[in-house]
Amino acid sequence: MTSADGRPAWSTFRDALERAGFRPSKKLGQNFLLDENMVRAIVRDARVAPGDRVLEVGPGCGFLTLHLVRAGVELTCVELDARLLEIARALVPESAGVRWVEGDVLAGKHALNPDVLGVLPTAPWHVVSNLPYSVSAPFLACLCDLPEPPASITVLVQREVAERIAASPGSADWGPLTIKLQGHYRAELGRSVGAALFWPRPSVESAVVRLELLPERLPRAERGALDRLVAHLFQHRRQGLARVLGEHWGDRARALAALERLEIDPRERAENLDLATLRALASQHRS
Ligand code: SAM
């Protein structure tokens, strides 16, 4: 189970996968991180302490899980693939007290699975995961709408998604996911993880992104209007604001008046507006 220096060895996990005749599913994003140093580095990046409550989505065969257990955290794991869950349960010592949940972390694209909602750790809690590609963006967006969202989120995702999450206004990556998350979290782009460190090797590069809950989140009352505004504006991100905002509100004159009040050039594009300006615009429609 452990390598010469006492660390959990990937070979143990690889052997278990082989014995089970496991064939990874591309659809489920089953690319396992097999580099021990990198797994340890990700646990360090997460800055979790013994006793912290952590949710891991997609533990796979339990390699990152075991390193999290070694960091002394109290762990809840949600895994969709029953075959993997069985392997992970056999390899992670029972004494670690991991709470294993079999199921989809999501219910559709826009909600967490109610079974998962029922087992979320009590606040303050944290997310540390190597997320499956298809789940990353919707899962992270759903966390923002929880009454008690995680205090920190450290996830390994496709590099492109990590860059989007940590983007600044004016960049091509600044968009609905960035804005949603940055209304609740301070985002920090972390280490890159090359494709060669996974089995099977994915076709894209990955990166760690860390999110830390802001002392003051976007107030609940503002969220719906802001989400709708951002969704519409970024569908037409290259068009002038007067036009897109006018369409969104069904009233171009009102849009022009609001832009004037906020001293925003009507030819400006949505992609150049920061969060504060977008919030101000969303509130104009309500007022
Ligand atoms: N944690 C392991 C690692 O670091 O090597 C595996 C990570 S792998 C990128 C993603 C894992 O998420 C797989 O084990 C996959 O079966 C699981 N998964 C995929 N879709 C899921 C979903 N909707 N809900 C929960 N787990 C899911």
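What follows is calculated from the coordinates using simple rules that are stated; it is not laboratory data. From a predicted model like this one, the values you see are computed outputs, not experimental measurements. Cβ atoms come from the backbone with ideal geometry, glycine included; neighbour counts cover every protein chain shown.
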Amide proton proximity set for residue 112, modelled H, under 5 Å, gap of 5+: 107
Helix-only mean residue ellipticity at 222 nm for the chain, each DSSP H run of n ≥ 4 adding -39500 (n - 2.57), per residue, nearest 500: -11500 deg cm²/dmol
Overall form of the range 109-209 per C-alpha gyration tensor (a/c, 1.5; a/b vs b/c): oblate
Full-extension gain in nm, residue 86 to residue 40, via 0.36 nm per residue minus C-alpha separation: 14.2 nm
Percent of Cα-Cα distances greater than 33 Å, calculated over the chain: 29
For the range 118-123, Karplus couplings with θ = phi - 60° (6.51, -1.76, 1.60), whole Hz, Gly/Pro x: x, 10, 4, x, 7, 5
Between the range 114-164 and the range 183-219, the alpha-carbon center distance in angstrom: 10
Test item: Cα-centred dipole of the range 44-167, Lys/Arg +1 and Asp/Glu -1 on Cβ, debye: 280
Gain on full stretching of the segment that runs from residue 212 to residue 276 - 0.36 nm per residue minus C-alpha separation: 21.2 nm
5 angstrom amide H check on residue 191, placed H, neighbours 5+ away: 208
Fewest-first sequence of 192, 206 by Cβ atoms within 10 Å of each Cβ: 192, 206
Linear extension gain, residue 99 paired with residue 254, 0.36 nm per residue minus alpha-carbon span: 50.5 nm
Interchain or long-range residues, amide H under 5 Å from residue 185's placed H: 214
DSSP bridge pairs, the chain: antiparallel proportion in percent, nearest 5: 55
Diffusion constant of the range 195-287 at 20 °C, which comes from Stokes-Einstein with the Kirkwood Cα-pair radius and 1.002 mPa s, µm²/s: 140
Antiparallel DSSP beta bridges within the range 32-130, percent to nearest 5: 10
